[in-house]
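The values are calculated or read from the model by the stated rules, or taken from the named source; none is laboratory data. From a predicted model like this one, the values you see are computed outputs, not experimental measurements. Please note: Cβ atoms are built from the backbone with ideal geometry, for glycine as well, and neighbour counts cover all protein chains shown. Each accessible area value is taken on the protein alone, full model and side chains, heavy atoms only, with ligands, DNA and RNA left out. Shrake-Rupley method; radii C 1.70, N 1.55, O 1.52, S 1.80 Å.
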Amino acid sequence: MPPGNADTYEISACYRWVFGAPDGREGPERLRKCPDNPVIHLGPPPVVPAIPGGFPDRLEADLRLLNAADRESESAVARTVRSTYGEAADAALDVPGTHPDEILNSNDVLAGDDWLVTVDNAIGIAIGQDRECVLGRVTAHEVRVWHPPRIALERGEIGCSASWAARGGEL
């Protein structure tokens, strides 16, 4: 599309999406010649909500401020995570141009029983959805917060798992 003119398109390549081909391929495939069909207007891509920027560092710092006894308490760790996430989300929303749909809502990612678990005296934290994930491992003597490897978040893999985080998040 030439710059400055949203109504004029210059088609330079055409693709079709392949689903479950016999050889296992899936995804876009470039065509040798474009069909004589009108251009399909897809519109803007959907907004994929994200974890607020800077949240992992803030969370690690706030968890380190807890005393050893509180680091062994699920309720104290949960309060800290909820508070830190709320502050990070509020700060992200204060940035001009940021829409609330762009930030993962704490009610969505910190709800239920599976975002925080204790395994062998280590509290595991999993905050996020789909490919947006932050993991944490908290013990009386250790605090670690990280993004898991992207491959672990793919469909059919470990996912954003608090029990995996409690075990150290090693593949």
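Annotations for the structure displayed:
- Cα centre as origin, Lys/Arg/Asp/Glu Cβ charges: the chain dipole, Debye: 460
- Think of a 1.4 Å ball rolled over the protein heavy atoms: the chain then has 66 Å² of accessible area per residue.
- To the nearest 10, the accessible area of residue 64 is 120 Å² with a 1.4 Å probe.
- In summary, the chain shows an alpha-carbon radius of gyration equal to 1.39 times the 2.2 N^0.38 Å reference for compact globular proteins.
- Share of carbon and sulfur in the accessible heavy-atom surface of the stretch 12-171 [1.4 Å probe, %]: 50
- Measuring gaps between exposed loop sites in the chain (GluC sites (Glu not before Pro); DSSP loop; at most 14 other Cβ atoms within 10 Å), the longest gap, sites not included, is 27-141.
- Over the chain, dividing the summed -39,500 (n - 2.57) contributions of all DSSP H runs of at least 4 residues by the number of residues returns a 222 nm mean residue ellipticity of -7000 deg cm²/dmol.
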